[in-house]
Amino acid sequence: LWQACVDELSRELPEQQFNTWIKPLTAQISEDQQRLTLFVANRFKLDWIRAQYAGRLATMLESLQGHPVQIELVITPRDSAVKTVRQSTPSSMENVPESIDLPDEPAANTFRSRLNTALTFDNLVEGTANRMARAAAMHVSGSPGHLYNPLFIYGGVGLGKTHLMHAIGNKLLADRPEAKVLYIHAEQFVSDVVKAYQRKTFDEFKHHYHSLDLLLIDDVQFFANKDRTQEEFFNAFEALLAKKSHIVMTSDTYPKGLADIHERLVSRFDSGLTVAMEPPELEMRVAILINKAISEGSEMPEEVAFFVAKNVRSNVRELEGALRKILAYSRFNQKEISIQLARDALRDLLSIQNRQISVENIQKTVADYYKIKVADMYSKKRPASIARPRQIAMYLAKEMTQKSLPEIGELFGGRDHTTVLHAVRKINAERLQLTELNQQLHVLEQTLKG
Ligand code: ADP
Ligand code: MG
């Protein structure tokens, strides 16, 4: 359980924070699983952890366990000799903080990539939604500095942009351990600029950034309105491209969609390759669930994976959250993973998402939207103005309800399940390419979800 929290925090927190505060902790869970005791080295750390991390830990534990877990912080000096002495004078131990070990500033010439080695190409499931981006990323990691420079990856939250970036860095370092790779979140870059400004260390700053072989910079939309940062980034950008170092960026939108970023930067962003990451389609969500379950040392039957994937559609992060709840629920109750168990574990989530979306509902909503008669959903008419909305409705029925292909076919005027399958595949594929269709579907989905 504690390990699960540590893993999660290692993903959430900047490496330095994680290494300083979370990694050194040891933990013990009570037999009834109601209380987690964390052992910390001193009072200072205790206070800090309580203030900074206890809240997050509590929610994490609760979602893992399905019930609130009490967190207790206990001071244990590191070596036992000290411990015995200290135990006899508890009050002095409480009040005098021992040496406060704050994180060291990284030494000027040791190189830290800030990569999370757990995020690799191997554990990034491939699907239509990320195929292009993944292929481009693979290419860059194999021969940086050539094609697709800069590589600009954009898409909504939780779709795997950050994961892909780390994968590029990790692969390059595996091939060329001496390469200077840096992963940095745009906000951290901003704060580096501020620091350099305050301390008047711009030369060092420049030296550091301009010497890289690969710069991975995440969520560049954070540069909005930060003029000085944009200027420094522009300089770094030019310097790196000139020496054929590679730059990979991510953002929540395509370059021209970025607000409050200088035009000259935007046009630089767009000067290499720009690729989108889309929300994963159903089969990909299923594959991700099955893979993640295995990597957690568990197994999720395919039918359960389908059930979860149908109900959790927004992004991979949500999918992981759902999986974690199910695994924790299964362990805690010592029950095998089944659809019923998933239903129980995800009860809260499902009650919000599944507000009774029925096929009839979908047919009516889609017919209204495209201004055709509901009866045309079951009719044999074939003009595109009718056949297409019908296919869209079939697609939504498959995505948003638990009905099988034959059942859906039945509800659409007794059509064959292969007709439904064809519609689902067609709309799915088109959705990835046609922005307009994607928008329409988005509106329909929102309407249906109420
Ligand atoms: P983003 O940066 O786009 O918000 P992340 O890279 O943080 O998204 O991804 C969210 C989570 O989903 C991460 O834990 C990541 O490992 C996981 N993830 C995303 N896409 C995939 C995928 N295709 N296969 C496996 N895991 C994925
Ligand atoms: Mg990210």
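Please treat every number below as a calculation from the coordinates, not as lab data. Everything numeric in this text was worked out from a predicted model, so none of it was measured. All Cβ positions, glycine included, derive from the backbone under ideal geometry; neighbour counts span all protein chains shown.
Worth pointing out:
- Counting 0.36 nm for each residue step from D203 to H146 and taking away their Cα separation leaves a gain of 17.8 nm.
- Shape class for the range 325-446: prolate, because the ratio a/c of the largest to smallest gyration tensor axis (alpha-carbon atoms, square roots of eigenvalues) is 1.5 or more and a/b beats b/c.
- The lysines whose alpha-carbon is closer than 29 Å to the alpha-carbon of K364, local same-chain residues fewer than 8 away aside, are K310, K373, K380, K381, K398, K403, K426, K449.
- Helix 161-175 and the long axis of the chain differ in direction by around 60°, with both axes built from C-alpha atoms.
- Percentage relative contact order, the chain, counting C-alpha pairs under 8 Å, at least six apart: 12 percent
- Peptide packing for 162-175, 117-130 was compared via the average number of neighbouring C-beta atoms within 10 Å per residue; ordered from the highest value, the list is 162-175, 117-130.
- Compactness of the chain was expressed as the Cα radius of gyration divided by 2.2 N^0.38 Å, which yields 1.16.
- Net charge of the neighbourhood of Q188, taken over other residues with C-beta under 11 Å away and scored Lys/Arg +1, Asp/Glu -1, is -3.
- All lysines inside 20 Å of K335 as judged from Cα atoms, apart from same-chain residues fewer than 8 positions distant: K292, K325
- The range 178-268: mean projected area of Cα convex hull, nm²: 5.6 nm²
- Annotation: amide H-H contacts under 5 Å for H246 (H modelled 1.01 Å from N, sequence separation of 5 or more, or interchain): G145, L214, L215.
- Range of Cα positions in the range 385-450 per principal axis (Å), largest first: 30, 25, 20
- Most to least packed among 292-299, 383-390 [average Cβ atoms within 10 Å]: 383-390, 292-299
- Our compactness index for the range 282-353, the C-alpha radius of gyration over the empirical 2.2 N^0.38 Å, is 0.96.
- The S191 and D416 beta-carbon pair, evaluated with R₀ = 45 Å, returns a calculated FRET efficiency of approximately 0.15.
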